Amino acid sequence: MDESASRPLILWSISDGRAGHVAQSRGLIQALAELADCSIHEIDAPPAAQAFAGLFAGRARFADDLPDPDLIIGAGHRTHLPLIGARRARGGRSLVLMRPSLPLALFDFCLIPSHDAPPPAANVIVTRGPLNDVRPAAVREPGTGLILIGGPSRHYRWDLDSLLQQIRTITARQELRWQICDSPRTPAATRRALAGLGPDYRPFDRCPPGWLGGQMARAGTVWISRDSMSMIFESLSAGAAVGLLDVPSRGESRLGRATDSLAADGLAVPYPDWLAGRPLAPPPAPLREGRRCAALVLDRLRQRS
C-alpha cells in the first residue's frame, strides 16, 4: 500500500461459489469500496490439489494476469489454501471471513462472529454475526411482512406443528401483505405445509438472484426461525423490525446465546415475548457491521504501510 494515496486499493476476492460465503465477501467489499477507491478482482477458488501445489511452488497461477493485491479476501474452507498461497506468491495481506479451519496465525486478518468465540489476538476482528451484502432500501414498505423459514440443524430440532401455529397467529394478528420464503434446510413436509397456509409462498429455489435481499430491504417486519442466523443478521442490516420464531433447541449453543443477546439488546423479539405484548420495532439504525469492519481493516492496512 505504499502508493495507496495515488492508486486504487487492489482487492482480490477468492470465492468458493457458495451463496452465503459470496454474500459475506461482497458485504465487506462493498463497504471497503464505499470508504476507499478500490479495484476489485473476483477469482474462483482453484481445486484443492492446484491450490496445494501452488502454495509450495510459490505461484498463484489462477491470478497470473492480475495486478499484485493489497488485500486478498476469502470465505469458506476452499478459499483458505488459495488465500495463503496467493499472499506468499504475490504479497498483500490475507483476510479470512468466519473462523478458518487452519490456524488463525496463518492469516493477516480474521473476521470472526462473536458467537464462534474467537480467541483474543492482534489479527482477529470480532463481528456481530456474519457479514452480508444487504442494505436498506431508499423507500421502505411498512405494510409488507416477510416470514423466513430455515430447518433442523445440529443446534436445533424441528416442530412443524408449533411453527405453523406461530405463523397462523402472527398473520392473523398483524394485518400485513405477507410473503413466506424457505431455505435449502427446510424439510419437504414443511415446504408442503407452507404452500397451503395462505400467504404468498416463495420456495427458495424459485427466487431469482437478489430477490430475498430486496424483500428484506423493503419489508417493515421480518419474522425468522431462530435457527437461521444469516437471515437474522441480514434482516437487521436491512433495518427491519425482527421477530424470532421459536424452534426447539438441542441444548445450550453458541447460536442460541447469539439470538438471546440480540433479544436482550432490543434488536429482535422472541415469539413468546411478542405474544406477551412486547411490540416489534426496527433497530435504532440498521446494523452496519460490514462498514465498521471495513474501516478497521483500512486503518490497519494504512498503519502497516
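The values are calculated or read from the model by the stated rules, or taken from the named source; none is laboratory data. Since the structure is predicted, the reported quantities are computational estimates derived from the model, not experimental observations. Glycine gets a Cβ as well: all are built from the backbone with ideal geometry, and neighbour counts include every protein chain shown.
Descriptive notes on the structure:
- Total residues in the range 25-53, condition modelled with pLDDT under 95 and in contact with a Pro (Cβ under 7 Å, 6 or more places away or on another chain): 3
- Filter result for Ala188 (touching a helix residue (DSSP H, G or I) at 6+ places or on another chain (Cβ under 7 Å), closer than 24 Å to Ala19 by Cα and of a type outside the set (Asp, Glu)): no
- For beta carbons closer than 8 Å, sequence separation of 6+ or different chains, a first residue in the range 123-139 that is modelled with pLDDT under 90 and a second that is of a type in the set (D, E, K, R) and not in a loop (DSSP other than H, G, I, E, B), the qualifying pairs are Ala137/Arg218; Val139/Arg218.
- Test: residue in the range 79-90 that is touching a helix residue (DSSP H, G or I) at 6+ places or on another chain (Cβ under 6 Å), crowded, with 23+ Cβ neighbours inside 10 Å and in contact (Cβ under 8 Å) with a residue 60 or more places away in the chain: yes
- Remark: pairs (first residue in the range 261-282, not assigned by TED's automatic domain parsing to the domain that holds Gly239 and buried (at least 16 other Cβ atoms within 10 Å of the Cβ); second residue of a type outside the set (A, V, I, L, M) and assigned to a loop (DSSP other than H, G, I, E, B); Cβ separation under 6 Å; 6+ apart in sequence or on different chains) = Pro282/Gly239.
- Evaluation of Ser228 against (1) surrounded by fewer than 21 Cβ atoms within 10 Å (Cβ to Cβ); (2) within 28 Å of Gly277 (Cβ to Cβ) (one fails), failing number: (1)
- Total residues in the range 188-233, condition out of contact with any strand residue (DSSP E or B) (no Cβ under 9 Å at 6 or more places or on another chain) and touching a residue at least 60 places away in the same chain (Cβ under 8 Å): 4
- Listed here are the strands (runs of 3 or more DSSP E) enclosed by the range 117-236 that have at least 1 residues being over 21 Å from the mean Cα position of the chain (by Cα): 141-148, 177-181, 200-202.
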